[in-house]
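Okay, so here's the structure we're looking at.
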Amino acid sequence: MTDAPPPASAAAAARAEGATKIYGSGDTEVRALDGVDVSFNLGEFTAIMGPSGSGKSTLMHCMAGLDTLTSGEVYIGATPLSVQSEKDLTLLRRDNVGFVFQAFNLIPTLTAMENITLPADLAGRPADAEWVDKVISTVGLTNRITHRPNELSGGQQQRVAVSRALASQPEIIFADEPTGNLDSTTGGEILAFMRSAVDEYGQTIAMVTHDPTAASYADRVIFLVDGKIVDELSDPTPDTVLDMMKSLGD
Amino acid sequence: MLRLTIKNLLDKKIRFALTTLAVIVSVASVVGVFVLTDSLRASFSGLAGDIAGGSDLTVRVAQDLGQEFDRPPFDEAFADGIDVVDGVDDVIPGVFSFNDTVIIDDDGEAIRPQGPPTLGFSWDPTTFFIAAGDAPDALGEFATDVSTAADNGLIIGQTYAIDGPTRQEDFRLVGTFRFGSPDEHTSLGQTMAAFELEQAQDFLNRPGQYDAIAVVVEQGEDVATVQAAIQAAVGQELEVVTSEVIEDENAEGFDEFISIFNNILLAFAFIIVFVSTFIINNTFQIVVSQRIRELGLLRAIGATGNQVARSVYFEALLVGLFSTVVGILFGLLLGQGLRGALNSLGFSLPAGPIELQTRTIVWAAAIGVGVTMLSAIVPARRSRTISPIAAIQNDQRLAGASLTRRLWVGGVMTLIGGALLVVGLFVASTTTNVLTNVAIGAVLIFIGVNTLSPSFARPVATALGAPIARLFGTTGEIARGNAARSPRRTASTAGALMIGLALVGMAGVVGSSLTKTFLNTLDNAVEADYFVQSSSGGFDPSVTFAEEIATEIDSLPEFDSVVRYRFAQSSMRIGGVDKDVFAADFDLVERHLDADIITGGLTDADPRGSIALHQDPAEDLGVGVGDTLTATFPDGETDELTVVAVFTDSSIFGNWLVDNDVWEAHFVRTGLAFASATVTGFSDDLPQAEQDALLEQAAAAIAPVAEQFPTIVAESRVEFRQSQQDQLNSFLAVIFVLLALSLVIALIGIANTLALSVFERTREIGLLRAVGMTRRQLRRAIRWEAVIIAVFGAILGLILGVIFGVAAVIAIPDTFISIVSVPYGQLVVYVLIAAIAGILAAILPARRAARLNVLDAISHE
């Protein structure tokens, strides 16, 4: 991506060093993140798990440049986020980061196609039509592409959202509970699609989830408790993830 | 991004409609005023040419003082000199009278329209064109214009009574004519009576005199040469002007009339624009806060803050452009409607083509787009700061200015506004300065108070809601909570109503003070028992009635004295300044009216050489009783007048009073503006029964006079007091109606905000319904919320209005208003009206909220 990436981050699409996020102060102080060091490698599908309040969503927001750290540093590719201006952060998000949220992913007044090309439109450049067509046919949206979000099922809406994230071929896609609102079959389709995006196109994805099945689609699962990474698991299956969760729960 | 904005607008049709409504109303009101006055101007300028007639030159007395109808006539012998000048083809001498020649119809009613003049003429074949019958060519004959004849059912061959400047006489109608052109009658609603020249000289009181001589120049002759030759023939006493000059003068006169009209209407239109700006701003604020998640999502996927802000501006631009186009269309309709409305209020405005000038379109666009863009500035700036997190998290709020900053900004603006107001009212000297200072001051105060008001909206709304909460339990409590929970929105929604009610409140205070002052003057200063005034009423001092009527009343034994009053504006020059002048009968007037004379007296003064004046000009000029003043009159003559009295009440005669002898020496008009009479033997000390008996006799005696002369009304002191009060009230009513328009806008604003709030609270409403709130209760809650907001705005507005009103009353010269009166009863009524307006505004939003499907509402994003 960059001409001369520093060796430490050569394989990282995004990484955090000593990421700390503190809300409030004094008695009400909450350490949502407490010195997290993590790296999301290129072409890797990482799941972030942890109980409610463990800081997984905060970690994702901070790494995506949506929120700022109290201390520590986050890099997207080789770019440190803390020194970026608001405008540069926005451009970085637009060009190098993709998002999939649990809900309210799409602009209701735009068609599916318009939603997918929205980041390119915002950047004022044409979307890569060939690539977009490929993505759309992969997710099986070709027939629904002129429909508006309210004419699509929840699963279809989420597929549009994933397509939008993929359309700009970002360095990394952050997904926040992407299957949280979907039934297990539909959710499985979305996850399989994300998996194939990693396998076929080398897309980097980081996903927050609390569903062991969802996490099993990832290459690696990291576990967060009280703002700290407590463990991680490679090549997870639903059972190994569940076991790990149980052991952490004890 | 632009596509997104457009799609958004098209998709949210209700929101779009609500946003555009206020802009459309603003644009339409300004366009309506321009269209009306431009159309009038077009009709009038055609008229100016028609009035100038078919002659080339006009000979008349030069005049540099007083009104056009005060131009003195000249001796008819001058015509002989003109006839023989080389190049003169035709000479048409003429006399005319303004507003004192009135035809009386078959039913004994005076044909006298409100506003347009009644005119008497000698026949002029170059401007009058016979439509039916013949031109009047003998004594006892007259002709009238076709529309007067048609409108009043006048029939050729019948005899009608006509009230002239000095007396009433019967004339036979011999023909009807078109004015201005042979094919089409040019009318402003004026009533015209034309007579044969000698008859006109006699009846219009121009014995041996002409008002003007129209000259037709021979074909091929140079008009300027002939003009110079005539000027040489008539000498320096008269002037010779071309028809272009006459046309320009006429056009100028009309222009002045239209400009005043235009300015008054524009002032109201701009009040509407100003009020609308608050609503538009508020709407954008709400729209942006409703879209906060959507805008957050845009930010998350890469829209810059600028792009988001730009989309808000672009939305404003589209709303502005759309509203401008629609507003212009409505404005055209409104212009027509205004004409009709004003006509039904008693004006007679000419019909004519609709004029849509480029200037109007430019203004419409400037207001439509400008006001909308201006209103979008703050919401757009705030939208820039929306965080991308907003897309993920619920309950994101737009950052508003901090309370301290609000207090500072609002406080400083209010103070500067107040200072400007004080400067405008009490220091500034020229009218323009006064108006500029007062207008800018008031605008600053409005914005300032509106900026401040969120800081106290919560406690006030809570307090106002207390009785409602007590009365309606939970429903009332919810209404109160909703009104109080977003003080910024409550304050800005109430803002529009605040301005409307501040204006109404101010008009209320000024009107009430004016009425009080007037009645007080009547009660204290009036000694006479009977009053005679023109039956057309109104405030036009040029409308007069024949002197004969006063003489006739004087001859009745039931009345022992009659005083005649005349009035002219800017017609007496003293010390280089043109003064308004009043004339009365000095020997009697002190028994009729008491102007609080402090030194000297009128009764025994020499009527021909005396003047009385108010204390203020007396002090300014450093004169007192016994000193002399040099006064110049419209006839160009100068008199040395001795000051015989100084008075302190300027509400009766203004500042300057002369005797009728002085008037008759210098003014061509003989008609009376007013007359008062005392009843023989009447005294306030008599027992009530005797007073009543005397007044009854007087009424019986004067009734035949009033019947013979329908141009007047004769009223006893009690009737006069009532009719004056009625007249004042109907005048004030017109102002209230115009101001009430701003209330309608405010109503739209409240409805708008409520509709958007309901939409915003869909989920919450669903929850309330789910846990058992009935539709009826829900509607009630929304209705009461509206009432609290409306009453909040009303009270704030009325407080400002009373302050403005009292300041205005203090600033207005004592001649007009000397008593400060706050109409508390009226103010309470206004608050009630505002509350009702709130209920009306809530109808649609409440219905919409009640219809929501509970399940859909709960799952609403």
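Summary value for the range B:53-253: 35 percent relative contact order, contacts being C-alpha pairs under 8 angstrom separated by 6+ residues.
For the pair the range B:591-664 and the range B:140-157, the centres of their Cα atoms are 44 angstrom apart. Taking every DSSP bridge with both residues inside the protein assembly as shown, close to 75 percent are antiparallel. Under conditions of 10 °C and 1.306 mPa s, chain B yields 51 µm² s⁻¹ as its translational diffusion coefficient, taking Rh as the Kirkwood radius over Cα pairs in the Stokes-Einstein equation. Taking every residue in A:105-112 and counting other chain Cβ atoms within 10 Å of its Cβ, the average works out to 5.
Rounded to whole Å, the principal axis extents of the Cα atoms in the range B:681-723 read 34, 21, 12, largest first. Among the chymotrypsin sites (Phe, Trp or Tyr not before Pro) within the range B:437-541, those in coil by DSSP and having at most 12 neighbouring Cβ atoms inside 10 Å are B:PHE539. Need one number: % antiparallel among DSSP beta bridges in chain B, to the nearest 5. Of all bridge pairs located within chain B, approximately 80 percent are antiparallel. Counting only Cβ charges, +1 for Lys and Arg and -1 for Asp and Glu, the dipole size of the protein assembly as shown around its Cα centre is about 10660 debye. Sorted fewest first by neighbouring Cβ atoms within 10 angstrom, B:SER45, B:SER742, B:SER387 come out as B:SER45, B:SER387, B:SER742. Each Cα pair under 8 Å and six or more residues apart adds its sequence gap; the mean of these over the residue count of the range A:7-249 is a relative contact order of 27 percent.
Here the range B:566-583 and the range B:190-238 have alpha carbon centers that stand 28 Å from each other.
The alpha carbons of the range B:585-665 stretch over 32, 28, 21 Å along the principal axes, in descending order. Angle check, please: helix A:238-249 long axis (alpha carbons) against the longest principal axis of chain A (alpha carbons), in degrees 0 to 90, nearest 10. Between the helix axis and the principal axis of chain A, the angle is about 30 degrees.
Taking Cβ atoms as reference points and 13 Å as the exclusive limit, the residues near B:VAL35 contribute a net charge of +1, counting Lys and Arg as +1 and Asp and Glu as -1. Looking at the range B:503-625, the pairs of alpha carbons with a distance over 20 Å make up 59% of the total. Three semi-axes describe the equivalent ellipsoid of the range B:712-861; taken as square roots of 5 times the Cα gyration tensor eigenvalues and ordered largest first, they are 46, 16, 12 Å.
Across peptide B:300-311, the average count of Cβ atoms from other chains found within 10 Å of a residue's Cβ is 6.
Hydrodynamic estimate: the Kirkwood radius of the range B:790-861 over Cα pairs, inserted into Stokes-Einstein at 25 °C and 0.890 mPa s, corresponds to D of 158 µm²/s. Provide, for q = 0.07, 0.08, 0.14 Å⁻¹, the log10 of I(q)/I(0) from a solvent-free Debye sum over equal Cα point scatterers in the range A:7-249. Relative scattering, expressed as log10 I(q)/I(0), comes to -0.22, -0.29, -0.91.
Each residue in A:HIS61, A:HIS147 was given a count of other beta-carbon atoms within 10 angstrom of its own, and listing them fewest first yields A:HIS147, A:HIS61.
Angle between the Cα long axis of helix B:358-384 and the longest principal axis of chain B, 0 to 90 degrees, nearest 10? Taking Cα atoms only, the helix is inclined about 30 degrees. Only helical runs count toward this figure. For chain B, summing -39,500 (n - 2.57) over DSSP H runs of n ≥ 4 and dividing by all residues gives -20000 deg cm²/dmol at 222 nm. Student exercise: in the protein assembly as shown, how many lysine pairs 8 or more apart or on different chains have Cα atoms under 26 Å apart? So the count of such lysine pairs works out to 8. Shielding of peptide A:90-101 by partners, expressed as the average count of other chain Cβ atoms within 10 Å per residue Cβ, is 4. Compactness of the range B:126-211, taken as the C-alpha radius of gyration over 2.2 N^0.38 Å, stands at 1.05. For the peptides B:722-735, B:745-758, the ranking by packing is B:745-758, B:722-735, with the highest mean count of neighbouring Cβ atoms within 10 Å listed first.
With both residues required to sit in the range B:547-708, DSSP beta bridges show an antiparallel share near 75%.
Counting other Cβ atoms within 10 Å as a rough exposure proxy, the listed residues B:ASP107, B:ASP529, A:ASP128 run B:ASP107, A:ASP128, B:ASP529 from fewest neighbours to most. Summary of the geometry: the range B:696-726 and the range B:162-177, compared by the centres of their Cα atoms, lie 24 Å apart. Multiplying each eigenvalue of the alpha-carbon gyration tensor of the range B:547-708 by 5 and taking the square root yields semi-axes of 32, 19, 11 Å, largest first, rounded to whole angstroms.
Stokes-Einstein at 10 °C, 1.306 mPa s, Kirkwood radius from Cα pairs: D for the range B:403-452 in µm² s⁻¹?
This corresponds to a translational diffusion coefficient of 149 µm²/s.
With contacts defined as alpha carbon pairs under 8 Å and 6 or more residues apart, what's the relative contact order of the range B:403-452 in percent?
54
Max-minus-min Cα coordinates of the protein assembly as shown on each principal axis give 125, 78, 53 Å, with the largest extent listed first.
Between the helical axis of B:403-422 and the longest alpha-carbon principal axis of chain B there is an angle of about 0 degrees.
When the square roots of the Cα gyration tensor eigenvalues are ordered a ≥ b ≥ c, the ratio a/c for the range B:210-286 is 1.5 or more and a/b exceeds b/c, which makes its shape prolate. With Cα atoms as the point set, the radius of gyration and Dmax of the range B:53-253 evaluate to 17.0, 53 Å.
Bear in mind these aren't lab numbers, they're just calculated from the coordinates by the rules spelled out. The structure presented is a predicted model; accordingly, all values stated were derived computationally and were not measured. Every residue, glycine as well, gets a Cβ built from its backbone with ideal geometry; the counts of neighbours run over all protein chains shown.
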